[in-house]
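The values are calculated or read from the model by the stated rules, or taken from the named source; none is laboratory data. None of the values given here were measured: they were computed from a predicted structure. Please note: Cβ atoms are built from the backbone with ideal geometry, for glycine as well, and neighbour counts cover all protein chains shown.
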Amino acid sequence: MALMEFSMFPLDKGPSLSKYVARLLTIVDQSGLEYRLNPMGTVVEGEWDQLMELLTQCFRELEKDCERISVNVKIDYRKGVWGALDSKIKSVEEKAGRGFKK
């Protein structure tokens, strides 16, 4: 299992990019993978091949009408571990003895 945090957006479409991000989030949502949207990107949990396929699908979607695309990806692979979207946060909160804003 792996967690992939990514952001992807066009660089040639002006200052407001939310409509492009929304197109990608539709693809992420339809993938059936667990994910969390945050203000700077999206974290998705899945197997390596699933995550690479999703990343490619998102890129292909923007490639249709964007000349320049920025892609930032960070991956944390941990064999045999599922549920890390929630368990990693829970572990930190337990060690801190309190909850944090989500």
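One table, with the values for the structure above:
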| item | result |
| --- | --- |
| Selection status of Met52, free of Cβ contacts under 8 Å to residues at least 12 places away in the same chain and among the hydrophobic types (A, V, I, L, M, F, W, C) | yes |
| Some residue of segment 43-52 being crowded, with 17+ Cβ neighbours inside 10 Å and either more than 23 Å from Lys102 (Cβ to Cβ) or among the basic types (Lys, Arg) (or both) | yes |
| Glu61 vs. criteria surrounded by fewer than 18 Cβ atoms within 10 Å (Cβ to Cβ) and touching a Leu at 6+ places or on another chain (Cβ under 7 Å) | yes |
| Number of the exception - Ala96 against (1) more than 22 Å from Leu11 (Cβ to Cβ); (2) surrounded by 12 or more Cβ atoms within 10 Å (Cβ to Cβ) | (2) |
| Hits in segment 51-84 (condition: under 12 Å from the mean Cα position of the chain (by Cα) and of a type outside the set (D, E, K, R)) | Leu51, Met52, Leu54, Leu55, Cys58, Val71, Asn72, Val73, Ile75 |
| Output for segment 74-83, where each listed residue is under 15 Å from Asp49 (Cβ atoms), at pLDDT 95 or above and not hydroxyl-bearing (Ser, Thr, Tyr) | Ile75 |
| Within segment 85-102, considering residues that are of a type in the set (Asp, Glu) and more than 19 Å from the chain's Cα centre (by Cα), the one nearest to Met4 (Cα to Cα) | Glu93 |
| One residue from Asp12, Asp29 being of a type outside the set (S, T, N, Q), surrounded by fewer than 14 Cβ atoms within 10 Å (Cβ to Cβ) and in contact with a Lys or Arg (Cβ under 7 Å, 6 or more places away or on another chain) | Asp12 |
